[in-house]
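Laboratory data are not the source of any read-out in this text; all were calculated from the coordinates shown. All of these numbers come straight from a predicted model, not from anything done at the bench. Every residue, glycine among them, receives a Cβ derived from its backbone with ideal geometry; neighbour counts consider all protein chains shown.
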Amino acid sequence: MTEKVNGITIRAVNYKDSDKILTVFTLEKGKVAVSARGVRKANAKMKQISEPFCFAESILAEKSGRFTVTEINSFDAFYPIRCDLKKFYAGTIALELTDAFLPDGLVSEGQFVLLVEFLKKLAYKSFNPINLLLKFFYDVALENGYLINLSACGRCGGQITERVFLSVKDGCCVCESCKRQGENGFSIDTYLFLKKIASGNLEEENQEFAKNGLRFFGYYFNKVAGVNLKSLTTLIDL
Ligand SMILES: [Zn+2]
């Protein structure tokens, strides 16, 4: 049996002499493991799909629950992402997060669209890659049921202007008077920066706040979903 799917390659590991086993996030079937035969040979016809970030339509052949790719039509390899270290790590982290959040076979059109749009902007627009990634983090949290409310204090609804605290349990930031025991404070400047990003303003440039924003989401995803983004510290240290 064969079927046609649209997918983004999120992981690839070498297998046997010239094959790779791919993790492909597809629009139709969610995340699937796919074997790509012969793709490490020079001039392999389907080489493109074996590279992370590749967005392609492919034909999968199924045999006792295992998929093998037999044909591809690549839409976009997002090549510029590979030519810039910051873009590359921001892209890699987006793939890691998608991989960590989605169980195998869970279909999520929303997550698929978010990832494609993020990769397009990362490859072809001039936004700061970290700002783009922060917006992606915010949107992915929302899409997957971990919304983090940054608009105002999550308890009294007032504007937060001085000290700010994170409630992991309630998925919100709170003001000093609403803070409960065990809720950690973080920098008000980072909070105000993230608030702008969440509202879609990606023009602001501040490396320090942006990097603190990465730490903020890294901590949050770890606490709410046990996700550990391996490449995050590399991007922060660049
Ligand atoms: Zn409050």
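Going by the alpha-carbon gyration tensor, a ≥ b ≥ c the square roots of its eigenvalues, is segment 154-235 rounded (a/c under 1.5) or, if a/c is not under 1.5, prolate (a/b greater than b/c) versus oblate?
Since a/c reaches 1.5 but b/c is at least a/b, the shape of segment 154-235 is classed as oblate.
Ranking 83, 147, 68 by how far each Cα lies toward the positive end of the dipole of segment 63-177 (charges on Cβ) leaves 83 at the top.
Here is the list for segment 116-165: trypsin sites (Lys or Arg not before Pro) lying in DSSP coil, each with at most 13 other C-beta atoms within 10 angstrom of its C-beta, are 125. Just checking the listed ones, 140, 24, 39: in the Gaussian network model of the chain with Cα springs under 10 Å, the one fluctuating most is 39. Rounded, prolate or oblate: which fits segment 119-205, taking a ≥ b ≥ c as square roots of the Cα gyration tensor eigenvalues, rounded meaning a/c under 1.5, else prolate when a/b beats b/c? Prolate is the answer for segment 119-205, as a/c is 1.5 or above and a/b outweighs b/c. Normalised by the number of residues in the chain, the average gap of Cα pairs under 8 Å and 6 or more apart makes the relative contact order 15 percent. Give the angle, between 0 and 90 degrees and rounded to the nearest 10, that separates the Cα long axis of helix 109-124 from the longest principal axis of the Cα atoms of the chain. Result, in degrees: 90. In terms of packing, defined here as the mean over residues of other Cβ atoms within 10 angstrom, the peptides 30-38, 87-95 line up highest first as 87-95, 30-38.
How do 210-216, 50-56, 12-18 rank on mean C-beta neighbours within 10 Å, highest first?
Working: 210-216: 19.4, 50-56: 21.3, 12-18: 12.9.
In decreasing order of mean packing, 210-216, 50-56, 12-18 become 50-56, 210-216, 12-18.
Could you give the semi-axes, largest first, of the ellipsoid that matches the chain, computed as the square roots of 5 times the alpha carbon gyration tensor eigenvalues and rounded to whole Å? With the √(5λ) rule applied to the chain, the semi-axes are 37, 18, 14 Å.
Cα extents for segment 41-151 along the principal axes, largest to smallest and rounded to whole angstrom: 49, 33, 17. Each other residue within a Cβ distance under 10 Å of residue 105 adds +1 if Lys or Arg and -1 if Asp or Glu, for a net charge of +1. For the peptides 70-81, 180-191, residues were scored by their other Cβ atoms within 10 Å and the scores averaged per peptide; the highest-first order is 70-81, 180-191.
Which of rounded, prolate or oblate describes segment 122-163 when judged by the alpha-carbon gyration tensor and an a/c cut-off of 1.5? Because a/c hits 1.5 or more and a/b fails to exceed b/c, segment 122-163 counts as oblate.
Count charges around residue 143 for me, please; just the other residues with Cβ under 14 Å from its Cβ, Lys/Arg as +1, Asp/Glu as -1. Walk me through the numbers before you get to the answer.
Details: positive: 135; negative: 109, 117, 139.
Its environment carries a net charge of -2.
Computed from Cα atoms, the angle from the helix 207-225 axis to the main principal axis of the chain rounds to 80 degrees.
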